[in-house]
Amino acid sequence: MRKMALVTGAGHGIGFALAEGLARRGYDLFLVALHRDDLDKISASLSLKYQVECHAMDIDLTQPGACQSVFETFARTNGDLRILVNNAGMGSTAPFLSLAPSFYEKQIQLNVMVPVVLTRLFLPELMQRSKAHILNVSSLGSHIEVPDKSVYLASKAFMDSFSGSLRLSLSGSNVHVTVVSPGPVNTNDRVRGTNARLKGLSARMILEPEEVAEQALAAMFENRSLIIPGRLNRLLYQLQNLLPSKWRSKLVSDRMRN
């Protein structure tokens, strides 16, 4: 069996860039995304370009039983799973009361429950390998408070805590846990349009998905616990730990509204 990586949210943005980066490194792929992301075409393109085996699964991970379906479908590939990438997520930027309770239920399900359940399902298999990795995608904003992103960033803060605790639990094992916390990224056309209006330092903090993916994968294979892609983003992260909370919130809020 050839080594395989499972990537959720692989249809575009960071997820696609991570999938391509893994294919370039010779990993067969099991890609999970919504039907609208044209996953079959993406899978065929990566397979042809990098001469790897790609499996595509169109599914809404927020639906009941979706994670179990992913697990069972993957098992039928007989793949040698070495890497689990928990990337799928749902963002939002809006006053808290402007979104329906059902939206927050779905957001928390995708951002919190799905990575936990997928990790629980696949961890026993990963532990059977000589070396394996879990890469969880968080956000730079998870380390601070930002207006109009309360639930989204809280869900990413959960991902940080979950990753850290799991890493300690697996210390000394063959499974390594890395969390990547990107700042502003041109993940899609809508976000790209919003980012295009940023000026000065804020504009210089924006990264392309491919930059984030390459830095995340390099950190993962080095068994690093945390990676914040981009020099300016890392500087902001370091500064926010030194500044008083009032200044920190203002500094980051001005740059995270997008």
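The values are calculated or read from the model by the stated rules, or taken from the named source; none is laboratory data. Just so you know, these numbers come straight off a predicted model, no measurement behind them. All Cβ positions, glycine included, derive from the backbone under ideal geometry; neighbour counts span all protein chains shown.
Taking into account only those residues within the range 112-158 that are β-branched (V, I, T) and within 28 Å of G65 (Cβ to Cβ), which is modelled with the lowest pLDDT? Filtering the range 112-158 for residues that are β-branched (V, I, T) and within 28 Å of G65 (Cβ to Cβ), the one modelled with the lowest pLDDT comes out as V151.
Just one of (1) touching a residue at least 24 places away in the same chain (Cβ under 8 Å); (2) closer than 26 Å to L226 by Cβ; (3) among the charged types (D, E, K, R) fails for R120. It is (1). When you go through (1) in a helix (DSSP H, G or I); (2) among the hydrophobic types (A, V, I, L, M, F, W, C); (3) under 30 Å from S102 (Cα atoms); (4) at pLDDT 90 or above one by one for V191, which number turns out not to apply? (4) is the only condition that V191 fails. Scanning the range 94-117 for residues that are of a type in the set (S, T, Y) and surrounded by fewer than 15 Cβ atoms within 10 Å (Cβ to Cβ) returns S98, S102.
When A75 is tested against the conditions (1) under 14 Å from L6 (Cβ atoms); (2) surrounded by 17 or more Cβ atoms within 10 Å (Cβ to Cβ), the lone failure is (2). Checking the structure you have, find out if any residue of the range 38-50 is of a type outside the set (G, A, S), touching a residue at least 24 places away in the same chain (Cβ under 8 Å), over 18 Å from A5 (Cβ atoms) and touching a helix residue (DSSP H, G or I) at 6+ places or on another chain (Cβ under 9 Å). Scanning the range 38-50, I find no residue that is of a type outside the set (G, A, S), touching a residue at least 24 places away in the same chain (Cβ under 8 Å), over 18 Å from A5 (Cβ atoms) and touching a helix residue (DSSP H, G or I) at 6+ places or on another chain (Cβ under 9 Å), so the answer is no.
For the range 159-173, the condition holds for no residue, the condition being that it is over 26 Å from R82 (Cα atoms) and either modelled with pLDDT under 95 or not hydroxyl-bearing (S, T, Y) (or both).
Residues checked against (1) of a type in the set (S, T, N, Q); (2) in contact (Cβ under 8 Å) with a residue 60 or more places away in the chain; (3) touching a Lys or Arg at 6+ places or on another chain (Cβ under 9 Å):
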site	(1), (2), (3)
E53	no, no, yes
D58	no, no, yes
G65	no, no, no
Q68	yes, no, no
D80	no, yes, yes
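Candidates are the residues of the range 14-46 that are in a loop (DSSP other than H, G, I, E, B) and either at pLDDT below 95 or of a type outside the set (K, R) (or both); the one that is surrounded by the most Cβ atoms within 10 Å (Cβ to Cβ) is Y27.
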